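Colleague: Quick one: structure below, then a few questions.
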Amino acid sequence: MSVQSSPPSALAKGMRPAAHSQEASAQFLSLARPRPPVTILLPTAPTSEFARGGAGKYPREYVAGPRHRRTSRHGLPGRHWALQIAVGVVLLAGVSAVVVAAVTQSPVRYLIYAVWMLPLAELGLLGLGLAHHRVRFREAPPGRFTKLIIQVTTAGREPGRVTEILKQIRDYSLPMDYELWVVTEPGHPADYALADLVLVVPVDFHVRSRKKARALEYSRLARQHLGLDRDDVKILFNDDDVTLTEGYITKAFAADYDICEGIVTPRTSYATWPPWHFLISHADDFRTHACLVYCSVFQGILRYPLHVHGEGLTVTGEAEGLVTWNWPVTASEDLVFGHRAAEMRLTWGWFYEYAEVTSPWSLRDYLVQRRRWLWGDIHAIRHRSVVSWRAALLIISKYVVGLTALLCSVAGWYLRMTGRIPASAGIFDYAKLSVISWVVVFFACGWIGSGSVVSSRNNDSRLLAAVIAVVMV
């Protein structure tokens with residue numbers, strides 16, 4: 001065990017045991033005094049022993065969870081070449097089926113027309129969500145929240161980037177009492193001088209969750225052990241590739257909701273070389289689009305999430321203690337947390353500030369990232385121990401709608417090019433409005449994406465980036 005901290009007696013003051021057992025809560029050596037930084041490597045003392053300054057041994061397993069099947073080095077179940085080919089064949093067959101049906105059955109053609117109108121509907125949703133935020137967003141009264149913990153969870157491979165993120169936050173003039181936590185894995189640097197606390201997740205810490213969710217559960221139990229699982233404490237979660245703007249942090253802390261988040265946008269090194277990163281940055285404009293159009297409505301108005309992103313997710317300590325991160329998942333832990341919180345009737349909120357993410361730098365990294373998200377969603381859909389039927393059906397619906405839109409769009413393009421849908425068709429009078437709506441929404445995504453607070457661009461550069469965003473999608 002390696003610790004830099006105050007004496008045990010001082011650390012024990014104000015602590016309360018975890019709700020599970022003394023042996024479980026004993027896994028966490030404490031910290032709670034900001035500045036100077038505290039580094040924890042391997043906690044080894046049960047609570048009762050630690051409070052007296054003694055030593056002990058905590059059990060190797062907090063909750064015995066099911067072992068997951070062996071995965072490939074990309075963290076995915078085996079090789080998926082056959083599955084990818086099958087997906088391609090299914091998509092091609094789907095497009096062909098829609099084309100044939102549209103030629104022979106007029107109702108299918110109306111479905112294509114409806115899909116063509118989707119951008120117009122999305123622009124309406126965007127406007128509705130922003131208007132609701134402007135009028136109905138709730139800010140807590142002064143003193144409602146007393147502390148903010150900003151936590152960067154990292155696998156440990158990017159210590160330089162984590163330090164850069166911590167420095168950016170330290171340079172802000174934040175009005176609240178806050179602490180910076182870093183949660184990392186063993187075998188990587190843990191000397192983050194700008195952090196108030198560094199938690200290194202022990203190798204022999206076992207819960208039902210795996211990978212990032214496991215690290216999040218470890219940090220949650222540490223907060224519980226320190227008495228920080230309160231409704232006046234907020235935790236803002238961040239990744240090691242994300243810059244949080246000062247406005248985002250301030251708004252997240254002030255939001256009078258149990259759980260909330262803002263807009264994720266690929267602002268960090270947006271649309272810069274190499275070529276693959278340039279293309280992927282514009283592909284990530286769809287993430288900004290999803291936040292502006294769907295999250296603003298589902299999270300902001302309906303109070304029930306469709307998408308959830310972990311970058312900038314903010315919860316109260318009490319809400320985190322109720323939901324926990326301890327479920328049998330290896331990915332999509334943010335989506336699962338958001339849906340479980342909604343099922344528990346915790347209040348959801350959405351706000352108009354930015355978390356600036358970094359798009360993958362290579363096509364391989366992009367595909368690995370998306371496959372991890374996809375299989376995380378599939379796992380959640382299949383298991384009721386992860387999310388409810390209601391949440392599973394909602395997650396399925398977004399894929400069904402997306403796939404239907406893709407098939408109908410491609411089929412509609414083919415029918416128009418072959419003259420099956422003539423240029424004189426009345427639908428094109430309305431389709432012009434849909435095209436304009438598409439341009440407006442993705443122009444906004446490009447404009448937002450090029451507005452980083454770190455590498456600021458002039459308006460001419462942002463205008464060019466916004467135009468390219470429209471062309472690229």
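Colleague: Which one is nearest to residue 453 (Cα to Cα), of the residues in segment 168-188 that are surrounded by fewer than 17 Cβ atoms within 10 Å (Cβ to Cβ) and without any contact (Cβ under 8 Å) to a residue 60 or more places away in the chain?
Modeller: Out of the qualifying residues, it is 171.
Colleague: Tell me which residues, restricted to segment 196-224, are under 22 Å from the mean Cα position of the chain (by Cα) and either part of a loop (DSSP other than H, G, I, E, B) or surrounded by fewer than 20 Cβ atoms within 10 Å (Cβ to Cβ) (or both).
Modeller: 201, 207, 208, 209, 210, 211
Colleague: Which residues, counting only those in segment 147-167, are touching a Leu at 6+ places or on another chain (Cβ under 8 Å), in contact (Cβ under 8 Å) with a residue 60 or more places away in the chain and not aliphatic (A, V, I, L, M)?
Modeller: 147, 151, 153
Colleague: Still on this structure: Within segment 260-270, work out how many residues are surrounded by 20 or more Cβ atoms within 10 Å (Cβ to Cβ) and either assigned to a helix (DSSP H, G or I) or out of contact with any Asp or Glu (no Cβ under 9 Å at 6 or more places or on another chain) (or both).
Modeller: 1
Colleague: Output the residue which, of all residues in segment 349-372 that are touching a strand residue (DSSP E or B) at 6+ places or on another chain (Cβ under 6 Å) and not charged (D, E, K, R), is farthest from residue 169 (Cα to Cα).
Modeller: The residue in question is 349.
Colleague: Would you mind stating whether residue 146 is surrounded by 19 or more Cβ atoms within 10 Å (Cβ to Cβ) and either under 29 Å from residue 269 (Cα atoms) or not aromatic (Phe, Trp, Tyr) (or both)?
Modeller: Spelling it out, it is not the case that residue 146 is surrounded by 19 or more Cβ atoms within 10 Å (Cβ to Cβ) and either under 29 Å from residue 269 (Cα atoms) or not aromatic (Phe, Trp, Tyr) (or both).
Results for (1) surrounded by fewer than 18 Cβ atoms within 10 Å (Cβ to Cβ); (2) in a helix (DSSP H, G or I); (3) not hydroxyl-bearing (Ser, Thr, Tyr), shown as yes or no for each residue.
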| position | (1), (2), (3) |
| --- | --- |
| 406 | yes, yes, yes |
| 422 | yes, no, yes |
| 428 | yes, yes, yes |
| 456 | yes, no, no |
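Colleague: Does residue 156 meet the test of being modelled with pLDDT of 90 or more and at positive phi?
Modeller: Against the criterion (modelled with pLDDT of 90 or more and at positive phi), residue 156 qualifies.
Colleague: Taking segment 225-259 as the region of interest, how many residues are in a strand (DSSP E or B) and either without any contact (Cβ under 8 Å) to a residue 24 or more places away in the chain or of a type in the set (Ser, Thr, Tyr) (or both)?
Modeller: 1
The values are calculated or read from the model by the stated rules, or taken from the named source; none is laboratory data. For clarity, every value in this text was computed on a predicted model and none was experimentally measured. Methodologically, a virtual Cβ is constructed for each residue, glycine included, from the backbone with ideal geometry; neighbour enumeration extends over all protein chains shown.
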